[in-house]
Amino acid sequence: MLAIGFRGHYRYANARGGGLPLAPHRAVKGGPAVLVVSRKIGERLLIGDKIAITIVKVAGGAVRLGVEAPQELPIMREELALEIRAEEAVMEASNRSSG
């Protein structure tokens, strides 16, 4: 990935030369880079060629997002995914101890 200066931001370009103007931020010192963008209702954020996230509603500290993605790509809230992983770990540990 290539970072090119772009009007006070950075443009991350892939091998095909595409990319978005980005402002690089870090969630935790030394952690992975996190993209922070400002969007208005109705505006979209594209992830690759197959995923689009649309800002649908902003109210009272909550944001409603619309996600367009291939059906085979699982999309869920993080807290639900963590809950499922925890349940799977308990079941796996139970199977090992009873097996």
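Among strands (runs of 3 or more DSSP E) entirely within the range 24-77, having at least 2 residues that are among the small types (Gly, Ala, Ser) and modelled with pLDDT of 90 or more singles out 51-59, 62-68. Condition check for Asn14 on (1) polar (S, T, N, Q); (2) out of contact with any strand residue (DSSP E or B) (no Cβ under 9 Å at 6 or more places or on another chain); (3) modelled with pLDDT under 75: one failure, at (2).
The values are calculated or read from the model by the stated rules, or taken from the named source; none is laboratory data. Every value quoted in this text rests on a predicted model; they were computed, and no experiment measured them. When we count neighbours, we look across all protein chains shown, and the Cβ atoms used for this are built from the backbone with ideal geometry, even at glycine.
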